[in-house]
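**Student:** Got a structure for you, questions after.
Nothing in this text is a laboratory measurement; each read-out follows from the coordinates by a stated rule. Note that the structure is predicted; figures quoted are calculated from it, not measured. Please note: Cβ atoms are built from the backbone with ideal geometry, for glycine as well, and neighbour counts cover all protein chains shown.
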């Protein structure tokens, strides 16, 4: 349970949505280690078809389209251009693209729906992390003068953060294993998960270090995947669902880039985004946290002021499947699905970007 | 520089401040063109143009990238296309650029194969650059049978096939 | 429901083939700091930052917003990175404008840039992908056949392209930020320049530039700045697929639909008479007559006649690209934003030597990809 | 469709980027070439190392350069048992965030300690530059950092 009477630092004035917007549908590809069979268009088409089909609409029912992807996964420029062929944007549509996780594409679409500039939006994200060497590719996210030339891999940077958390007395390696064990177990009930197993933490602790203090289980899998969400405002939200899942708050914040100028054990940008999104005004039942590394769940959980009664990552989270560029969007979809199924009334989803949780997004949702 | 004396501040002279930094980047990928494009490419290895028809709008795409770009549905019906087509438009390339493998000047044209609803860019040879025309009928010249591969390199070029030019009205909607 | 939105600050770099004096952060900072100062604000006054650029491979810096956040005062704030190919500079401004129009933020900084000299832009655009066709045409070779198709359709004479090339370079002489300053530019000089992609000559094509553009957008109750605000009267984006049967690449429907949308929002029924000035993405000279038609400034097939009659010249009735346009400065990711920014400067009356007297309503347009992504806005001196 | 009917190929993306660095990064890299470490004063007087062009929190222009190091303290570290080919050392090493003497922020580089059991947070390390004749003005001019005290004897690695 969150503690509204004692929000974390960095809280900013809450801004309430002026126009109700709902998560009308959500679909994702089955997350796999490698889909070496399909191109991006072929991977996306069934996902988008499911997102439309599950609420019996077509592409003609949405008036805005926004996607999230990165050229560096495929190793060629303009990968989002070809992906548009999976939608069939004819007649021409209002359409946009962020070179970010599609959770930010969802944010852009939500802004337009808030304004009334659109009534319904298709949002999708996609990426095949298996094509290249993700440990080298993600090094290119770093300062191109001081950091990228050293090729620090994302696992090592996360390990620096994990060590800082351990040194601060706020976690142990056993905590990481416990999170991974819970993720694997929860993923057994997620048909789209990639890593699922009934395993106890003590067994995971026997694994060797990949980069100490992180063992294999504390790392995300390499995943090929895609996901889509349909957003609906006003009347359409009610037409497409008897019990719409409403977005009641949405915000995101970025921190500075230099790891050495940040306190890696906390996530003030998550706290600020959560406060702006109104998270601390009422308790939540479920949280889907985009924590690619086990220890990051602890940092985000604290930043979101989640109590022990909150169910965290019932989907298994990013440790069960981490399709780059859609993993954040999937957190929103999974949290919304818990509300739609009646398992939760109020839920929060979190997405992250950049090394060691540099940029964070928070989306709060509620049932009717 | 083996006899360079050691110790501090030995190389301060003759070198101005650092103004540039070389950061070469090399990344390797395992690429797949996907199911539909693989069919097109394997057709090329067989010496033929394989297109795909959209089940909604019936248009034939070559090469298909797996979907109908206007309907957003998979293209699954294979269609073998003719070896001949029409030049819809073209340009004459006079500029050298990185990766170029043909002697300039040469003609680059949009070729609409008979039976297809989409043109693609092809090299035109065996015609002087000042005699190229929109509407000219051309045929594909393939590499030798044993050199065929799943690549557009299997098509050496297109050349005039001697037929009368196509009427502008027949291809103007493909411009 | 939507809030009014205005441009209250603009900034741009001196565009050059190589900005060897700055880092990537230094380049974007130069434009952003100028925009924030023009709005008479400081970094803490900015609520959110929206940044755009073309492919990350131009600089080899993936998701550069992560590294650039502190240089743009974005720490602790929302930051969004837009990428919609060549139209991105316009799309980026539009995303920023929505953040204001939706009532979410009061002051948003929007920035677009390219530092393509870090690599070689043309090279980066033509990364050979496996199984792809052998490299045949290069960058301009994609557009030259469509220019030929336009000439065939409209019956335009050969010299129209040269006229645009001369006009925009002459305009650039009035713009201190422009990359190309060619005081001797003339029809003969263009005609004598190398034929690159017949029918396109060297001086009918855009340069490759390093540069950045930035604007501060604000809600009505947050207007400040050295000049009066440029009010956003309409904005729109449209996309269509790269290739499909029957696609009109000379006069793409996405462009027509986009302009119809933006005109409808701005109450424009006759763009040529109602608009005072336009900045339109013309990377190759012939795209001026093509876009004149696509944007409804004249009937189909008549665009070249406007150019020939001097209607789009600095002294004409509807000046196009008085800044010198993309033909004079082309930092790819920023080129679209420069169009949006230049029209804001016009209606604010801050365009200096390339100011069109009495400009009160103006159109900015950007396009990208294979003429498939469009973004436009209309800004005015009067509050909508 | 069986997998055999889908084609695959190797694809190499390779560019020789050459970056102009501007005055602040240029000064730091020039210092590395000359065997010196510099930081810059941030808005609140914090010395930022390596010097970013703008204050990492407030975005204000940074102030004058000051020399820092050559020794410092390990603030966090991560042991890499299997280095990747492009990384600074080809033997097992630690990535570390090192707060150099005189600095208010820490810097990412590598520590060659010989083993994970020979490195602890809080350890003092000292820079080891590459030989002057191979330094070009890049982060790679620093070969690594090494523990300042090893086997009870001070290791004089801070020499330029």
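**Student:** Once R0 is set to 22 Å, what does the formula 1/(1 + (r/R0)^6) return for the Cβ-Cβ distance between residue D:18 and residue D:133, expressed as a FRET efficiency to the nearest 0.05?
**Tutor:** 0.50
**Student:** Could you give the angle, 0 to 90 degrees to the nearest 10, between helix B:34-45's Cα long axis and the longest principal axis of the Cα atoms of chain B?
**Tutor:** 70 degrees
**Student:** Calculated FRET efficiency, residue C:189 and residue B:142, Cβ-Cβ r, R0 41 Å, to nearest 0.05?
**Tutor:** 0.40
**Student:** May I pose another question? Which of these, D:125, D:110, D:149, has the largest mean-square fluctuation under a Gaussian network model of chain D (Cα springs below 10 Å)?
**Tutor:** D:149
**Student:** Quick one: compute the contact order of chain D, relative version, from alpha carbon pairs under 8 angstrom and 6+ residues apart, as a percent.
**Tutor:** Reported as a whole number, the value is 20 percent.
**Student:** Continuing with this model, one more query. For every helix of n ≥ 4 consecutive DSSP H residues, a contribution of -39,500 (n - 2.57) applies; sum these over chain B, divide by its total residues, and give [θ] at 222 nm rounded to the nearest 500 deg cm²/dmol.
**Tutor:** The helix-only estimate for chain B comes to -2500 deg cm²/dmol at 222 nm.
**Student:** Something else about it: Nearest-5 percent of antiparallel DSSP beta bridges in the stretch A:245-366?
**Tutor:** 75 percent
**Student:** Quickly work out the residue C:132-to-residue C:315 label distance, labels modelled 7 Å from Cα along the C-beta direction, and quote it in nm with one decimal.
**Tutor:** Calculated label separation equals 4.7 nm.
**Student:** Along the three principal axes, how long is the stretch A:134-218 when you take its alpha carbons, biggest first, rounded to the nearest angstrom?
**Tutor:** That gives 44, 34, 20 Å along the principal axes, largest extent first.
**Student:** Exposure proxy check: C:202, C:263, C:367 ranked by fewest other beta carbons within 10 Å?
**Tutor:** Listed from fewest to most nearby Cβ atoms, that is C:202, C:263, C:367.
**Student:** Separate question: Once the Cα atoms of helix D:22-33 and of chain D are each reduced to a long axis, what angle between those two axes, in degrees from 0 to 90 to the nearest 10, is obtained?
**Tutor:** Orientation of helix D:22-33: about 80 degrees from the principal axis.
**Student:** Now for a separate question. Kindly provide the helix-only [θ] at 222 nm of chain C, computed as the sum of -39,500 (n - 2.57) over DSSP H runs of four or more divided by all residues, to the nearest 500 deg cm²/dmol?
**Tutor:** Counting only the DSSP helices, I get -9500 deg cm²/dmol.
**Student:** With an 8 Å cut-off on Cα pairs and a minimum separation of 6 or more residues, tell me the relative contact order of the stretch A:80-179 in percent.
**Tutor:** 13 percent
**Student:** Let me ask you something else. Mind listing P(r) for the stretch A:220-291? All alpha-carbon pairs, 10 Å bins, whole percents.
**Tutor:** Percent of Cα pairs in each bin: 13, 31, 37, 15, 4, 0.
**Student:** How large is Rg/Rh for the stretch B:32-81, to two decimals, with Cα atoms and a Kirkwood Rh?
**Tutor:** Reported Rg/Rh, Kirkwood definition of Rh: 0.95.
**Student:** While we're on this one: Under the Kirkwood approximation applied to all pairs of distinct alpha-carbon atoms, what is the hydrodynamic radius of the stretch A:245-366 in Å?
**Tutor:** 13.9 Å
**Student:** Points 7 angstrom from Cα along the Cβ direction at residue A:188 and residue B:133: gap in nanometres?
**Tutor:** Spacing of the two 7 Å Cα→Cβ label points: 7.6 nm.
**Student:** Right, here's the next one. Using only the Cα atoms of the stretch B:114-175, what are the Rg and Dmax in Å?
**Tutor:** Spelled out, the Cα radius of gyration and Dmax of the stretch B:114-175 are 13.1, 40 Å.
**Student:** To continue, here is another question. So for chain D, considering every pair of alpha-carbon atoms, how many percent are separated by more than 29 Å?
**Tutor:** 28 percent
**Student:** Pick from A:279, A:147, A:84 the residue whose mean-square fluctuation is largest in a GNM of chain A, springs joining Cα atoms under 10 Å.
**Tutor:** Sorting by GNM fluctuation, first place goes to A:147.
**Student:** For residue B:169 paired with residue A:242, estimate the spin-label separation in nm (one decimal), with each label point 7 Å from Cα along the Cα-to-Cβ line.
**Tutor:** About 5.9 nm, to one decimal.
**Student:** Also, quick follow-up: Please give the calculated 222 nm ellipticity per residue for chain D, where each DSSP H segment of at least 4 residues contributes -39500 (n - 2.57) and the sum is spread over every residue; nearest 500 deg cm²/dmol?
**Tutor:** -2500 deg cm²/dmol
**Student:** Another question about this same structure. Compute the normalised compactness of chain A: alpha-carbon radius of gyration over 2.2 N^0.38 Å, N being the residue count.
**Tutor:** Taking N as the residue count of chain A, the ratio is 0.92.
**Student:** Per 20 Å bin, what percent of the C-alpha pairs of chain C does each bin hold, from zero upward?
**Tutor:** Taking all Cα pairs of chain C, the binned fractions are 32, 60, 8 percent.
**Student:** Using the per-residue mean of other Cβ atoms lying within 10 Å as a proxy for protection, in what order, highest first, do the peptides B:79-90, A:204-215 fall?
**Tutor:** B:79-90, A:204-215
**Student:** With both bridge residues required to lie in the protein assembly as shown, what share of the DSSP beta bridges run antiparallel, to the nearest 5%?
**Tutor:** Of those bridges, close to 85 percent are antiparallel.
**Student:** With the contact rule set at Cα under 8 Å and sequence spacing of 6 or more, what percent relative contact order holds for chain A?
**Tutor:** Here the relative contact order equals 28 percent.
**Student:** Provide a whole-number value for the mean count of partner chain Cβ atoms within 10 Å of the Cβ atoms in peptide A:151-161.
**Tutor:** 6
**Student:** Could you run the Debye sum over the Cα atoms of chain B, one equal point scatterer each and no solvent, and tell me log10 of I(q)/I(0) at q = 0.09, 0.10, 0.13 Å⁻¹, two decimals?
**Tutor:** -0.45, -0.51, -0.74
**Student:** Looking only at chain C, where both bridge partners belong to it, what percent of the DSSP beta bridges are antiparallel (to the nearest 5)?
**Tutor:** So the antiparallel bridges in chain C amount to around 70 percent.
**Student:** Same structure, new question: Counting other beta carbons within 10 Å of each Cβ, put C:242, A:256, B:19 in order, fewest first.
**Tutor:** B:19, C:242, A:256
**Student:** Please find, in a Gaussian network model of chain D (springs between Cα atoms separated by less than 10 Å), the residue of D:69, D:122, D:39 whose mean-square fluctuation is greatest.
**Tutor:** D:122
**Student:** At q = 0.09, 0.11, 0.20, 0.22 Å⁻¹, work out log10 I(q)/I(0) for the stretch C:239-379 with the Debye formula, treating every Cα as an identical point scatterer and leaving solvent out; two decimals please.
**Tutor:** -0.23, -0.35, -1.25, -1.54
**Student:** Quick one: Cα convex hull volume of the stretch C:253-322, Å³ per residue?
**Tutor:** 84 Å³
**Student:** What Kirkwood hydrodynamic radius, in Å, does the protein assembly as shown give when the mean of 1/r is taken over all pairs of distinct Cα atoms and then inverted?
**Tutor:** 29.9 Å
**Student:** Please work out the FRET efficiency for the pair residue A:63 and residue A:197, using the Cβ-Cβ distance as r and a Förster radius of 51 Å; give the result to the nearest 0.05.
**Tutor:** E(calc), rounded to 0.05, equals 0.75.
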